[in-house]
1. Compute the acute angle (0 to 90°) between the alpha-carbon long axis of helix 2-11 and the principal axis of greatest extent of the alpha-carbon atoms of the chain; round to the nearest 10°.
2. Roughly speaking, what is the centre-to-centre gap between the range 77-105 and the range 7-43 when only Cα atoms are used, to the nearest Å?
3. Taking the Cα centre of the range 64-114 as origin, sum charge times position over the Cβ atoms of Lys and Arg (+1) and Asp and Glu (-1), and report the length of that vector in debye to the nearest 20.
4. About its Cα centre, what dipole magnitude does the chain give when the only charges are +1 on Lys and Arg Cβ and -1 on Asp and Glu Cβ, stated in debye to the nearest 20?
5. May I ask for the equivalent-ellipsoid semi-axes of the range 28-150, computed as the square root of five times each C-alpha gyration tensor eigenvalue and listed largest first in whole Å?
6. Ranking request for peptides 43-56, 25-38: highest mean number of other beta-carbon atoms within 10 Å first, then the rest in descending order.
7. Each label point is 7 Å from the Cα along the Cα-to-Cβ direction; what then is the distance between the points at T95 and D157, in nm?
8. Where does the chain land at 222 nm, in deg cm²/dmol rounded to the nearest 500, when only DSSP H runs of n ≥ 4 count, each adding -39500 (n - 2.57), divided by all residues?
Amino acid sequence: MKTFLKTIGNVFKKPVTTKYPFEKTFIPDDYRGLIGFDENLCIWCRRCEMVCPPGAIVFSQDMEGKQTYHFNRAVCIYCGECVRACPKEGAIFQTAEPAPCALKAENINNGWNKLYTDALASRELYAAEKKRKAAEKAAADKMAAAKKEEENKTGIDPDIIAG
Ligand code: SF4
Ligand code: SF4
């Protein structure tokens, strides 16, 4: 009888569940939602990429050295490690916006792995080009110094002698 009355009582009580998706669910203040990024504050140190456990952040780089931030919401586990590791407040931040369901195109196997690999390769290319240019400059500086030394010794421009 007691159980029966309790059941009847529950029929007239306000439901404790939320009628999602018709009603918005309660979001606590410290909710870890979508990751935001402000390229105007970023110092491009890539710490966020380094600490990201699943590899949801990657930076690509063009041959001028300009970096571009890429984030995949379907790969992110919303741990907040990137935000904690960032030395520049506000450059990367956790919003209270729940992540929408990932589209098939955003799935890890549908392009993200390739984008990630290509981004790392773009940085290697840039680093190799930077190294090549530095070596070229060092060789040119060395030649100029040798020429100057010769000129100081003889008082004659070695290029004139060679000519
Ligand atoms: S919240 Fe975690 S998983 Fe998501 S991008 Fe930041 S470090 Fe990576
Ligand atoms: S850790 Fe912060 S400053 Fe460094 S690259 Fe990431 S967002 Fe930019």
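1. Long axis of 2-11 versus the principal axis of the chain: about 60 degrees.
2. Cα centres, the range 77-105 to the range 7-43: 17 Å.
3. Using only the charged Cβ atoms, the result is roughly 140 debye.
4. 1240 debye
5. Semi-axes from the Cα gyration tensor: 39, 17, 9 Å.
6. For the peptides 43-56, 25-38, the packing ranking is 43-56, 25-38.
7. 6.3 nm
8. -13000 deg cm²/dmol
Each reported figure results from applying straightforward, stated rules to the coordinates on display, with no laboratory input. Values in this document were obtained by computation on a predicted structure and should not be read as measured data. Heads up, the Cβs are rebuilt from the backbone with ideal geometry, glycines too, and the neighbour counts pull from every protein chain shown.
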